[in-house]
Amino acid sequence: MRRVALLGATGSIGSAAQDLARAYPDRIRLVSLAARSNYEGLIRAAEEFRVPRIALVDKEAARRAREVWKRGEVLEGEEALAALAEEDGVDVVVNAVVGGVGLHATVAALSRGKRVALANKESIVLAGELLLSLAKGSGGALIPVDSEHSGVTQCLAGRPISDVRRVTLTASGGPFLRRDPASIQDATPQEVLKHPTWSMGERITVDCATLINKGFEIIEARWLFGLSPDRLDVVIHPQSIVHAFVEFVDGSVLAQLSVPDMRLPLLYALSAPERWGSELPRLPLSELSTLSFERPDPLRSPGLTLARRALQAGGTSPAVLNAADEEAVRLFLGKKIRFGDLMPLVEEVLGAHRPQGTLTLDTILEADRWARARLHEAAANVARG
Ligand code: NDP
Ligand code: MG
């Protein structure tokens, strides 16, 4: 039985995790749940799974939750995420909150030697190196939920990374794959949020359209698998059936395939190294007429270029990249900036950053705050201009 703290329980990955808890009552027990402000959804889940403790980052939402829900405890504030993650009665933390705010919970769980099923890729973009050394010291484990990284982990099946020549992550290419870049500058949030193959939260869906999501995944892979960036590739694969390729030193290539359904990588992050039988959708091999792969066009994938640049600059640069993008996406969804402004603004902030000092949690958080403020300054100039 895995006792699970589910952070980000009301989101897209959170609801996939609830589905699994429903399907495996003998193996998965949800012991705590957290969200930002959706107290109604959180209470519904707490009732269904008889969870005694929930947390809402938004304090007003927490107050309302206490008014209507008397069957358990309601924690509040950002600190509550880490508090749930480090509790003694928790074996696995499913970190499915969106944003850099998820980092503290990952740190808290790993410090206590727990398994983290990590959907919150921001944790590892911000602090990959620190998280790995934390896990090593405490005996904790960082298991990716991101489908590409789950694919790589499954292909590796415990083989040492010295057996690997290169890893290739696939990208759907997003909603604008075949569009002329000049024609998407004014794309609306509604158009951007129509992802062709995956159904996901808003931030990551926007990040798929600029391909910065795939850039974050390169950074994620760099730390998770300890591969230098020149051995990490991306190919566009519009069908989203193959999630990753691992080429071994002898020239043999393994790939991981499945229908695009996040419950599959999440299930593996919970069951690994075991495999649990499931009723999840099967891959209809005989109905797959085409699996195609192509090189990303740099003009259509500015986010990929920026992420490689941040990785090369090192230190706090990936944290700056994430924070600037997070704020830019928020402004775009609020219709304050155009789609075409997104990557130039993030690039401006990244270009202005001077990574300083040794990498610690404090320097990372400081860089994160700096980047958010700097992005808003730059965006105000764009809006005025
Ligand atoms: P959603 O937007 O669907 O859900 C986000 C969840 O996080 C919600 O429960 C939300 O609560 C909560 N949340 C939002 N802001 C905060 C905050 N400031 N503090 C605490 N909790 C917060 O996102 P996704 O499920 O799509 O993504 C979650 C993470 O998983 C992201 O890091 C994403 O990159 C990653 N991921 C997602 C994939 C997917 O298929 N969706 C695929 C691969 C990775 P509330 O409902 O109250 O706002
Ligand atoms: Mg992914």
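The values are calculated or read from the model by the stated rules, or taken from the named source; none is laboratory data. Quantities reported herein were computed from a predicted structural model and do not represent experimental measurements. Note that each Cβ is placed from the backbone with ideal geometry, even for glycine, and that neighbours are counted across all protein chains shown. What goes into the accessible areas is simple: the full protein's heavy atoms, side chains included, and nothing from ligands, DNA or RNA. Shrake-Rupley method; radii C 1.70, N 1.55, O 1.52, S 1.80 Å.
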Relative contact order of the range 43-91 (C-alpha contacts under 8 Å, at least 6 apart) in percent is 36 percent
Taking every C-alpha to C-alpha distance in the range 282-385 and binning by 5 Å from 0, the per-bin percentages run 2, 12, 20, 18, 14, 10, 7, 6, 5, 4, 1, 0
Looking only at lysines whose Cα falls under 23 Å of residue 214's and that sit 8 or more positions away or on another chain, we get 121, 194
From DSSP H assignment alone, runs of 4+ in the chain each adding -39500 (n - 2.57), the sum over residues rounded to the nearest 500 puts [θ] at 222 nm at -14000 deg cm²/dmol
Bridge orientation stat for the chain from DSSP, antiparallel percent rounded to 5, came to 25 percent
At q = 0.13 Å⁻¹, the log10 of I(q)/I(0) for the range 2-144 from a Debye sum over equal Cα scatterers comes to -0.49
Of 43, 204, ordered by accessible area with the largest first and a 1.4 Å probe, the sequence is 204, 43
Ordered by number, the GluC sites (Glu not before Pro) in the range 279-385 that occupy a DSSP loop and have at most 10 other Cβ atoms within 10 Å are 279
Taking a crude spin-label model, label points 7 Å out from Cα along the C-beta direction, the residue 230 to residue 59 distance in nm is 5.2 nm
A correct Karplus calculation of ³J(HN,Hα) over the range 254-270, with 6.51 cos²θ - 1.76 cosθ + 1.60, θ = phi - 60°, whole Hz and x for Gly and Pro, returns 10, 10, 10, 10, 5, 5, x, 9, 5, 5, 5, x, 5, 4, 5, 5, 7
Probe 1.4 Å, all chains present, heavy atoms only: residue 361 accessible area in Å², nearest 10, is 60 Å²
Full extension between residue 138 and residue 248 adds, at 0.36 nm per residue less the Cα distance, a length in nm of 36.6 nm
The FRET efficiency for residue 291 and residue 180, from their Cβ-Cβ distance with R0 = 35 Å and rounded to 0.05, is 0.85
If R0 = 22 Å, then residue 278 and residue 157, at their Cβ-Cβ distance, give a FRET efficiency to the nearest 0.05 of 0.75
Classified through the alpha carbon gyration tensor (a ≥ b ≥ c as square roots of its eigenvalues; rounded if a/c is under 1.5, else prolate when a/b is larger than b/c, else oblate), the range 265-316 comes out oblate
With +1 on the Cβ of every Lys and Arg and -1 on the Cβ of every Asp and Glu, the dipole magnitude of the chain about its Cα centre, in debye rounded to the nearest 20, is 340 debye
Note on the range 300-342: C-alpha Rg/Rh, Kirkwood Rh, two decimals, gives 1.03
Once normalised by the length of the range 104-186, the mean sequence separation of its alpha carbon contacts under 8 Å that are 6 or more apart gives a contact order in percent of 27 percent
Volume per residue (Å³) of the convex hull spanned by the alpha carbons of the chain is 140 Å³
Between the residues 322, 141, 312, the Cα farthest towards the positive end of the dipole of the chain, that dipole coming from +1 and -1 charges on the beta-carbon of Lys, Arg, Asp and Glu, is from 141
The local net charge around residue 329, scoring Lys/Arg +1 and Asp/Glu -1 for residues other than residue 329 whose Cβ lies under 9 Å from its Cβ, equals -3
Contact order relative to length for the chain, counting C-alpha pairs under 8 Å separated by 6 or more residues, stands in percent at 14 percent
To the nearest 0.05, the calculated FRET efficiency linking residue 356 and residue 129 through their beta-carbon distance, R0 being 22 Å, is 0.85
Largest fluctuation, 235, 31, 253 only, Gaussian network model of the chain with Cα springs under 10 angstrom, belongs to 253
